[in-house]
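Every read-out reported here was derived from the displayed coordinates using simple, explicitly stated rules and does not represent laboratory data. None of these values were measured; they are calculated from a predicted model. No Cβ is skipped: glycine too gets one built from the backbone with ideal geometry, and neighbour counts run over all protein chains shown.
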Amino acid sequence: MRKLLKVPLISISALAGIVVIGLSATSITNAVANSSEAAELQSYGQLVEVDGKQMNVVISGDASETIVLLPGLGTAAPGLDFEPLIAELRDDFRVVVVEPFGYGLSDQADSPRTSENIAGEVHEALQDLEIDQYVLAGHSIAGIYALDYVNRFRDEVTAFVGIDTSVPTQPGSDESTPTDGLAALKDLGILRLLNSLAPDPNDGLPFDESTKRQLTILSNRNAMSPTLLDEIDRTPDNFAAARTQSFPVDLPLLLFVVANDPELADWQQLHEEQAAGVDRGEVVPLDGGHYLHHTQSVRIAADIERFLRG
């Protein structure tokens with residue numbers, strides 16, 4: 001028996017050794033790459049103190065009317081990601097992109113990633129900048145945080161614009177996403193390895209090569225950060241809280257949605273129900289993927305101006 005077991009045990013030991021060596025290699029490669037990318041990282045925007053930490057805010061244009069943009073869940077660098085839309089809006093509006101804690105160049109957060117805390121921190125940043133009248137706009141999960149925001153700070157918000165925004169009753173919103181072990185995969189360099197094997201997510205997008213490089217660096221830095229993992233863990237609770245809220249009936253509401261979404265057959269209908277709940281609501285279906293502001297920025301900007309001027 002001992003002789004029969006000897007070969008399998010040796011094989012298992014050898015395999016374990018290979019795994020250890022491999023993980024050591026990916027960990028070292030990841031650490032070296034992190035250091036190199038930190039040296040390449042270029043600052044943009046301005047830092048504002050919020051709750052004793054630094055939050056990055058990007059301001060473009062100097063028009064009298066202000067639009068505040070909030071990102072979707074896990075967007076690595078909102079100030080860069082929104083650039084195609086910013087370019088179309090900045091001549092007619094002052095465009096303010098707030099990078100919540102854990103996003104872009106902002107610090108990590110200490111407070112739980114509840115809708116209430118996220119909305120309150122964004123508001124504190126705007127207050128510090130003396131921005132107190134604005135159109136609030138957002139992508140994806142920002143539609144959930146916006147419900148908390150506009151009900152608390154209704155006197156400041158003149159309208160809400162959603163870019164394929166989440167809605168409280170969307171299918172799957174009560175399901176949790178397993179996050180155990182993701183931070184370890186990042187530290188071990190496994191996520192970086194997998195990303196290097198996958199197609200470049202920035203291919204074909206309207207960014208120059210320098211911006212694409214910064215997006216990659218910030219994606220590597222912010223992916224699976226403690227702040228983002230906490231936000232993901234709290235997403236079902238944030239959706240549940242939003243089901244008790246609705247947009248104020250006197251708040252103008254413009255919602256851009258992906259037309260004929262292949263994953264959610266009633267996606268447009270869910271947004272039309274939201275729009276029907278206010279005095280002036282409009283839904284604009286557009287062809288494209290979830291990040292409509294990458295490919296439909298010209299149309300979105302034109303419709304925003306039409307809607308607000310109307």
(message) In 20 Å bins starting at zero, report the fraction of Cα pairs in the chain per bin as a rounded %.
(response) 31, 54, 12, 3, 0
(message) On C-alpha positions alone, give me the angle between the axis of helix 297-309 and the longest principal axis of the chain, in degrees, nearest 10.
(response) 30
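Count the DSSP beta bridges whose two residues both fall in the chain, then state the antiparallel fraction as a percent rounded to the nearest 5.
Values: 10 of 34 bridges.
Within the chain, antiparallel bridges account for around 30 percent of the total.
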(message) Taking amide H atoms as placed 1.01 Å from N in the peptide plane, list the residues 5 or more away in sequence, or in a different chain, whose amide H sits under 5 Å from that of V283.
(response) L255
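With n ≥ 4 as the cut-off for DSSP H runs, can you work out [θ] at 222 nm for the chain, using -39500 (n - 2.57) per run divided by the number of residues, rounded to the nearest 500?
Values: 12 runs with 147 residues, N = 310.
Computed ellipticity for the chain at 222 nm equals -15000 deg cm²/dmol.
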(request) Enumerate the calculated ³J(HN,Hα) couplings along the stretch 64-75 in order (Karplus 6.51 cos²θ - 1.76 cosθ + 1.60, θ = phi - 60°), each rounded to whole Hz, writing x wherever the residue is Gly or Pro. (result) 6, 9, 10, 10, 9, 9, 10, x, x, 4, x, 4
(message) Could you list E305, E88, E99 so that the one with the fewest beta carbons within 10 Å of its beta carbon is first and the one with the most is last?
(response) E305, E88, E99
(request) Sketch the reach of a paramagnetic label on N260 as a point 7 Å from Cα along Cα-to-Cβ, and name the residues of the stretch 135-171 whose backbone nitrogen lies under 14 Å away. (result) none
(message) Explain nothing, just compute: Karplus ³J(HN,Hα) = 6.51 cos²θ - 1.76 cosθ + 1.60, θ = phi - 60°, for every residue of the stretch 123-128 in order, whole Hz, x for Gly and Pro.
(response) 4, 4, 4, 5, 4, 4
(message) How much length would be gained if the chain were fully extended between E116 and D287, taking 0.36 nm per residue of separation minus their Cα-Cα distance, in nm to one decimal?
(response) 58.3 nm
(message) Could you order the peptides 136-145, 156-165 from most to least packed, using the average number of other C-beta atoms within 10 Å per residue?
(response) 136-145, 156-165
(message) Just to confirm the number: angle between the C-alpha axis of helix 267-276 and the first principal axis of the chain, 0 to 90 degrees, nearest 10?
(response) 30
(request) Let me know the whole percent of all Cα-Cα pairs from the stretch 167-254 that are separated by more than 14 Å. (result) 74
(request) Could you line up I67, I190 from fewest to most neighbouring Cβ atoms inside 10 Å? (result) I190, I67
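Please state the relative contact order of the stretch 40-146 as a whole percent: Cα pairs under 8 Å, 6+ residues apart?
On the way: 187 pairs, mean separation 37.1, N = 107.
After rounding, I find 35 percent.
Kindly rank 168-176, 104-112 from highest to lowest mean number of other beta carbons found within 10 Å of each residue.
Numbers: 168-176: 13.6, 104-112: 18.9.
Top of the packing list down: 104-112, 168-176.
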(request) Enter the angle in degrees (range 0 to 90, nearest 10) between the Cα long axis of helix 226-242 and the first principal axis of the Cα atoms of the chain, meaning the one along which they spread out most. (result) 50
